[in-house]
Amino acid sequence: MNQVRRGGPLRQRALQARIIRSVETSRNLTLLKDYQAYLRVEKGLRPLTCEAYQSDLRIFAEFIEGRQGVLLTATQGDVSAFLENLRDHNIDARSAARKLSCLRGFYKWLLLDNRIHHDPTVNIESPQAWKVLPKSLAEPEVAEMLERAQRSANHPQARATDLRDSAILELLYAAGLRVSEITELSTGDLGLDLGRVQVRGKGDKERIVPLGRTALEALETYLREGRPHLARISSARKSGAARPDPSRLFLSLRGMPLTRQWVWHLVKMANSEASPHRLRHSCATHMVEHGADLRSVQLLLGHADISTTQIYTHMALGRLKEVVRKYHPRATRRHEDVEAVSLPAGAPNGGIHLVQGGPLGGETA
């Protein structure tokens, strides 16, 4: 009988703990919804970016709840323990640094909104993230992939999807677009007569991207011979089906707008080593290797900060070495380009004067 009486308060305390935990979880969810609205409305971030932030914050919220806390009462020790937990679970430093950056933005918002009086992320050192160089394809690899797609599009019995696929691949490489930018393009964004396309990037920022001749020809062929067929399919769909967007540039075989996953699959089918983002990196890398300045590449890719674009200077290191060997006066030069001519005694350089190519009296090194 005594055991039953002792069990009563224990069960009651357990029930109270579950109720408190449920209330705390509800508070966290409400807070996350408010923050998501702030990111979308005031910051103007894209839905995918907001989802990524929400995912990181949910992970931290679950960790805090496991320590009997809530987001509003998190301490510096909680944040440090969270980062330690990520390291224990073999989360790489780059991902941990991104999650910490997300927490800093979240608590900065809470501080500005007077919901907290102390930022728990202050004085938390960011995990040392390695600067991972983006991987790009070699120029022959890209050329072979695009030429194969172009051959399929130029076939007498080419389908509308072949014309579309060739145009997508050309546009990914020619303009360095993100996969989300490709899927959200509309026919009104094209200015083929001016040789350009208007793109909406991260944060709904718009930019004008010039297009090369090959990309323009692929788009013109798709708009003339491929898209009308796909658009007719979409207009013939039953009224009960989901309504397609009639202005979307690239349509599926069912007349619906393409998804990011579908474009990723298309690129993989064209080259198993490629991806939409790798084609974007290849575009930037090949431009830098051929002498494009970073400011132009920054405008093309839509980077907010040129420091993001500077990573491509590392990709063009081979060309940089070649330029140094060719043009720097202290670099090793080829024998056939340098002629040794004797000068009178007492002349500089020990009586030897180096002449760059050609006859005497030419440009000195």
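The values are calculated or read from the model by the stated rules, or taken from the named source; none is laboratory data. Since the model is a prediction, treat every value here as computed from it, not as a measurement. Cβ placement follows ideal geometry from the backbone for every residue including glycine, while neighbour counts extend to all protein chains displayed.
Report, by residue number, each residue of region 255-303 that is in contact with an Asp or Glu (Cβ under 9 Å, 6 or more places away or on another chain) and without any contact (Cβ under 8 Å) to a residue 12 or more places away in the chain. Scanning region 255-303 gives MET269, GLN298.
GLN157 falls short on exactly one of the conditions (1) assigned to a loop (DSSP other than H, G, I, E, B); (2) touching a Phe, Trp or Tyr at 6+ places or on another chain (Cβ under 8 Å), and that condition is (2). Here SER126 clears all of (1) over 27 Å from ARG200 (Cβ atoms); (2) surrounded by fewer than 17 Cβ atoms within 10 Å (Cβ to Cβ); (3) at pLDDT 90 or above; (4) within 23 Å of the chain's Cα centre (by Cα) except the condition numbered (3).
Considering the conditions (1) in contact (Cβ under 8 Å) with a residue 12 or more places away in the chain; (2) hydroxyl-bearing (Ser, Thr, Tyr); (3) under 30 Å from THR313 (Cα atoms), THR121 is excluded by exactly one of them, (3).
Results for (1) at pLDDT 50 or above; (2) surrounded by 10 or more Cβ atoms within 10 Å (Cβ to Cβ); (3) over 24 Å from SER136 (Cβ atoms), shown as yes or no for each residue.
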| site | (1), (2), (3) |
| --- | --- |
| GLY291 | yes, no, no |
| SER296 | yes, yes, no |
| LEU317 | yes, yes, no |
| LYS321 | yes, yes, no |
| PRO329 | yes, no, yes |
| GLY346 | no, no, yes |
| GLY351 | no, yes, yes |
| GLU363 | no, no, yes |
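Tallying residues that are in a loop (DSSP other than H, G, I, E, B) and charged (D, E, K, R) within region 175-185 yields 2. Count of region 159-193 residues, restricted to those that are in contact with a Lys or Arg (Cβ under 6 Å, 6 or more places away or on another chain) and not hydroxyl-bearing (Ser, Thr, Tyr), is 2.
Listed by position, the helices (runs of 4 or more DSSP H) inside region 255-301 whose residues that are aromatic (Phe, Trp, Tyr) and more than 18 Å from the chain's Cα centre (by Cα) number at least 2 form an empty set. Among the residues of region 65-86, just one is under 30 Å from the mean Cα position of the chain (by Cα) and free of Cβ contacts under 8 Å to residues at least 12 places away in the same chain, namely GLU84. LEU230 - would you say it is surrounded by 16 or more Cβ atoms within 10 Å (Cβ to Cβ), in a helix (DSSP H, G or I) and at pLDDT 90 or above? Spelling it out, it is not the case that LEU230 is surrounded by 16 or more Cβ atoms within 10 Å (Cβ to Cβ), in a helix (DSSP H, G or I) and at pLDDT 90 or above. From the residues in region 186-200 that are in a strand (DSSP E or B) and in contact with a helix residue (DSSP H, G or I) (Cβ under 8 Å, 6 or more places away or on another chain), which one is surrounded by the most Cβ atoms within 10 Å (Cβ to Cβ)? If we take residues in region 186-200 being in a strand (DSSP E or B) and in contact with a helix residue (DSSP H, G or I) (Cβ under 8 Å, 6 or more places away or on another chain), then VAL197 is surrounded by the most Cβ atoms within 10 Å (Cβ to Cβ).
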